[in-house]
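Report on the following structure.
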Amino acid sequence: MRVLPQPHRGLHPAYPDWTEGSLRNRLGILDFLLIAGGLALPFLFRRRQPLATTIKAAAYIGSGTMLCVTGLHYVSCRTARTFLEKQGIEVPDGKIVDRVGCFDSDDAVLSGGIAAMLVSFASRKPPKVLGWKRYVGTFTLGGTLGATLWYGLMWYRLGFHRFAQIAAHDGELVKEAEKCKSVINSSPPHSGIGGLAALRLPLRGTSNDRPSGAQVSLGQPGAGQQAEILKDGPHISVQIPGEREPVPRPQTNYEWSSDHEIEDLEKHIAKLRERRQRVAQESEWLWAWLSEKEAEYYNSADSKSDTPNRKEMLRYLDLLSAGQRLTWSEVSMVDWMIADSQKRLNQGRSASDNQGQVTWRASTTTQTVPEVALTGARNGIRELDGVENQLRQAKTAMAIEMADPDFDMKEDNQVYHPVKQKTVSEKEMFLEAREALDKQLEEFALQRKILGLIIEDSQKRTQ
């Protein structure tokens with residue numbers, strides 16, 4: 001049961017129901033006896049009459065705490081009622097007790113408090129604590145013990161539930177990875193030139209963009225880490241927490257220009273070479289460490305038996321290998337950025353010698369058909385077509401809903417906007433979603449068009 005439940009809970013996103021979210025949303029009136037009991041327990045360490053002093057302290061502190069909390073409960077309910085009535089939401093009348101159909105923290109507090117009162121009534125000890133102080137004090141201490149045990153059990157159960165969620169989530173990621181083997185990989189060492197991966201790269205992104213697969217694989221922070229994307233150099237760079245300087249990424253910044261382009265490019269190449277040397281040393285060190293751990297695994301008896309120790313060793317090797325691959329990939333990307341900067345340096349020098357006209361071209365001795373890149377582009381087009389088809393179906397459904405005569409009634413329904421963090425009309429959120437859908441379709445159309453042009457031009461060059 002719930003003692004003095006808040007009737008406005010669950011009527012608005014600003015006031016989530018007590019059963020939703022974390023344990024702090026489960027906090028009830030009686031749970032504040034934890035504060036009173038916690039403040040009274042130090043009196044147990046008194047030399048003279050510790051038990052009597054503790055019960056008296058718990059009585060006074062518990063009474064004062066419950067009076068204050070009850071007053072705050074009344075004020076918060078009145079404030080919430082005023083806010084919700086302005087939003088057009090009717091708030092039901094409050095109750096003294098509400099049955100929730102499960103054993104709750106208030107049940108634990110009441111059970112512990114009543115049990116402590118019965119023990120005190122039966123024993124009549126300590127003799128110097130009489131009247132209301134005996135029963136209020138023992139109820140406070142017993143309720144504190146009951147609430148403590150209940151919350152400890154809940155945290156224990158939620159901890160296992162959380163681990164189960166993580167395991168299930170990892171399993172889904174593995175399944176999705178198996179499904180997407182035929183789709184172009186967004187990781188730069190194996191990336192092609194098409195698909196959604198290219199759209200997710202932070203070319204025009206901000207610090208609040210959702211991280212892509214490439215960002216995660218490169219150790220780039222997501223939205224919660226507030227990564228700052230900088231475009232003040234020859235390559236896009238990201239300010240990653242923990243790094244003293246922005247980390248350049250293998251993406252040419254074609255919008256970059258400088259009055260001292262040659263000198264700035266030479267400095268940029270020097271910094272890239274310093275970074276390559278440092279990361280290459282780390283990669284070599286990790287490679288040696290990985291080979292040692294692999295030798296230990298191959299030479300152990302656990303490598304040929306299905307034991308918990310074998311699973312731990314395999315997971316250890318997998319994670320260590322992933323860290324080494326990360327540094328190896330970083331070295332490859334830095335090599336590409338050095339070559340790209342050198343190419344741009346040659347272009348800049350040729351422009352300065354030919355009245356601003358870039359005459360330098362990279363030479364090639366082969367006429368190989370770029371099958372890997374073209375396969376990535378074709379897979380990207382198929383991926384875009386599939387997602388675009390789903391988006392167009394969603395747009396059609398939205399158009400049908402907008403044609404409904406009752407659509408304008410959504411103006412009166414208030415919903416919580418997770419981005420703006422305030423309540424807006426359901427119609428406004430609907431129209432924003434439709435506008436975002438149109439923009440996404442435009443991006444997909446442009447991406448598909450450019451991929452088609454690249455495939456066409458590559459075929460002309462290899463004829």
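The values are calculated or read from the model by the stated rules, or taken from the named source; none is laboratory data. All figures in this text were calculated on a predicted structure; none of them were measured in a lab. Don't worry about glycine lacking a Cβ; one is built from the backbone with ideal geometry, like all the others, and counts go over all protein chains shown.
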Would it be correct to say that Asp107 is closer than 24 Å to Trp150 by Cβ and touching a residue at least 12 places away in the same chain (Cβ under 8 Å)? yes
Spot the failing condition for Ala394; the list is (1) part of a helix (DSSP H, G or I); (2) at positive phi, and only one is missed. (2)
When you check Arg382 against the structure, is it in a helix (DSSP H, G or I), touching a helix residue (DSSP H, G or I) at 6+ places or on another chain (Cβ under 8 Å) and either of a type outside the set (Val, Ile, Thr) or crowded, with 17+ Cβ neighbours inside 10 Å (or both), yes or no? no
Taking the options Ala280, Ala288, Ala270, name whichever one is touching a residue at least 40 places away in the same chain (Cβ under 8 Å) and in a helix (DSSP H, G or I). Ala280
Yes or no: the stretch 412-429 includes at least one residue that is assigned to a helix (DSSP H, G or I), in contact with a Ser or Thr (Cβ under 9 Å, 6 or more places away or on another chain) and not assigned by TED's automatic domain parsing to the domain that holds Glu85. yes
When only residues in the stretch 369-398 that are farther than 23 Å from Lys439 by Cβ and charged (D, E, K, R) count, which is nearest to the chain's Cα centre (by Cα)? Arg378
Could you tell me which numbered condition Glu274 fails, if it satisfies all but one of (1) surrounded by fewer than 16 Cβ atoms within 10 Å (Cβ to Cβ); (2) touching a helix residue (DSSP H, G or I) at 6+ places or on another chain (Cβ under 9 Å)? (2)
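Table: residues versus (1) farther than 19 Å from Gln251 by Cα; (2) modelled with pLDDT under 90.
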residue: Trp328; (1), (2): no, no
residue: Val331; (1), (2): no, no
residue: Met337; (1), (2): no, no
residue: Thr366; (1), (2): yes, yes
residue: Gly380; (1), (2): no, yes
By residue number, the members of the stretch 233-265 that are surrounded by 14 or more Cβ atoms within 10 Å (Cβ to Cβ), of a type in the set (Asp, Glu) and either out of contact with any Gly (no Cβ under 9 Å at 6 or more places or on another chain) or touching a residue at least 60 places away in the same chain (Cβ under 8 Å) (or both) are Glu261
